[in-house]
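First the structure, in the form of structure tokens, and then the observations on it.
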Amino acid sequence: MPIAPPTRHRGERVAWFAVMIAMTLVALKPLFDVFSEKVAADVIDLGVVLTVAGALAMGVAFALTVADLRRLPRALVIAILAIGVVALLSVFAYAARSGRADLLALFDDRRTSIYGGYVSPDSGILTEALRMVTGFAPLLLIAVMVRRQAWFPVSLLRLVVVFVVAGALVHSLIAWLQVAGVVPYSFFFQLPQGFIGRASGGYYHPMSLGRVLIFAVLMLYILRDHLPLTRVARYALIGLFTATGAVSLHRLTLVCLAIIIAAFEVPRLGRLVQAARGAAISRRTVGVTSAVVLVVAGFAAWLWGAAIWSRVVVTFTEVGSLDFRSDEFMHGRGAIWGDVIAVFGKATPDVWLFGFGYEPWDMHNDLIRIAVTWGAVGVAAVLAAFVALFRFTARQCDRTGRHTLVVLYVTMFVFGLTQKPSSYPYFVWLFLFCHLLILALHGGRAAAAAMTRTENTDPA
């Protein structure tokens, strides 16, 4: 289907262009991130400006397209309203911040660097609110897709994926140049014997590289039959992104990549065995592919063998304590989580219910971050948003779409065990963009029925 503006009234055309602007920013942000600041602190750089601009474009498209929430599926409305509740909790936290000064003073004790630096309540609450609102803005695009499915052809979504994968490729090449000593490291891992550089691929932290790699691999699987790539090229990219995740020393990235690859490859093993027995797979193809893999691996080992091996050793040995009762559990995360429990033991009921509005320490866990930031009400609202969105999407998908959806949510959950994916706007953008992909490729009769209902209620 060609990508072209609608011929209806001006508002429709403006909304369509807003969708195109949003899609363009989703596609190009990894490439723009190469030029962003490489610092640990929150700064207003090009990435932040593009994120806000993209969220505004999504809001404009929604406002001009969805005049009445009652025309949307109920589950999708619940997801949107739940995020609105979280935004209101931030307003309450900002108004109540001065009365919590004594309680917030307990967070001034930072036993190690893993607790993060000082964050003032004023800037922290505003930053968290901005992250939540801009990060979940693609929910509005999903609503627009329900009303105007023709604006989201597979050709457009495929183009976005091509640029995201290209961005992941650029960041991977930078990461390998860091391993080769050509590009300096921006992040280091502290070991008893000193510091070791961690490949971050043009970002400050390897985690940022990891989220792009994770979604690049997932999108390669989702669009495997719709991309201008041969099977060999697709698996070469998957192999490169996985190897890049390994040299970044970010274990959770590797775990998520392993989950994605296993989820899509294990079901194919039976068919591959049958194909091999039936001579459907050329032995020559297998031999040539294996030889290429061995040559590339041997060349990498010859050039960077020592650097790669040192990172393999660190990955599997420097894991901290595995005793969850210890302060050293998961490299000090246990100390943070234990201290947070102690602070909440002294907190008032309003903090338990509505949170502090921000995370005074780096919580290193998404659920704990949400609980500290927005309290029990915030946890319930965010969970309601995810459950409603999952139900909305799953009901409209075929079996393949539901399988892909489960993989997407499992990956999100696992990444949140020691990271905070819902606080990274571009991670949430890609997470929600995958819903657009799944709906476009695997949406069934329910999607068509929703489109029919909304179109029949549109004014002439």
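A few remarks follow.
- Within the option set 77, 85, 43, being surrounded by fewer than 18 Cβ atoms within 10 Å (Cβ to Cβ), within 26 Å of residue 211 (Cα to Cα) and either modelled with pLDDT of 90 or more or of a type in the set (Val, Ile, Thr) (or both) holds for one residue only, 43.
- Filter pass, residue 393 being surrounded by 20 or more Cβ atoms within 10 Å (Cβ to Cβ), among the β-branched types (Val, Ile, Thr) and touching a residue at least 24 places away in the same chain (Cβ under 8 Å): yes
- Taken over the range 49-59, the criterion of being without any contact (Cβ under 8 Å) to a residue 60 or more places away in the chain, surrounded by fewer than 18 Cβ atoms within 10 Å (Cβ to Cβ) and in contact with a Leu (Cβ under 9 Å, 6 or more places away or on another chain) is satisfied by 53 alone.
- Restricting the range 174-186 to residues that are touching a helix residue (DSSP H, G or I) at 6+ places or on another chain (Cβ under 9 Å) and in a helix (DSSP H, G or I), the residue that is nearest to residue 33 (Cα to Cα): 174
- Condition met for residue 231 (closer than 30 Å to residue 64 by Cα and not aliphatic (A, V, I, L, M)): no
- Restricted to helices (runs of 4 or more DSSP H) entirely inside the range 197-290, those with at least 2 residues that are charged (D, E, K, R) and modelled with pLDDT of 85 or more are 231-247, 251-277.
- Exclusive hit being under 16 Å from the mean Cα position of the chain (by Cα), of a type outside the set (Lys, Arg) and surrounded by fewer than 22 Cβ atoms within 10 Å (Cβ to Cβ), set 382, 406: 406
The values are calculated or read from the model by the stated rules, or taken from the named source; none is laboratory data. Everything quoted here is computed from the prediction, not taken from an experiment. No Cβ is skipped: glycine too gets one built from the backbone with ideal geometry, and neighbour counts run over all protein chains shown.
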